[in-house]
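Following: one structure in structure tokens, then a few remarks.
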Amino acid sequence: MTYEITIRELEPFTEEEQKKADEKNRRDFSMQNYSLDKNYHERRVTHAELSREEFEAVKKAIIGVL
């Protein structure tokens, strides 16, 4: 069995971008936009296929960092 993961490199919004996003979210809140925590740009996305052993090793490494 093959596992697939996606790794995203994120860049935080600048203070100005965050203010614009906050204003937009306040205006669009009536449209039930509950995702107010997306404060990052995706700079790079990597997709990888892994074996079960590789997937478990990645999980362990991520849990170890957190």
Leading residue by the ranking (modelled with the highest pLDDT) among those in segment 1-11 that are aliphatic (A, V, I, L, M) and under 21 Å from Val45 (Cβ atoms):
Ile5
Within segment 36-62, restricting to residues that are of a type in the set (A, V, I, L, M, F, W, C), within 15 Å of Glu4 (Cβ to Cβ) and outside any helix (DSSP H, G or I), the one that is modelled with the lowest pLDDT is Val45
Take the residues in segment 12-35 that are polar (S, T, N, Q) and assigned to a helix (DSSP H, G or I), then tell me which one is modelled with the lowest pLDDT.
Ser30
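The values are calculated or read from the model by the stated rules, or taken from the named source; none is laboratory data. Every value quoted in this text rests on a predicted model; they were computed, and no experiment measured them. Neighbour counts are summed over all protein chains in view; Cβ atoms, including those assigned to glycine, are modelled from backbone coordinates with ideal geometry.
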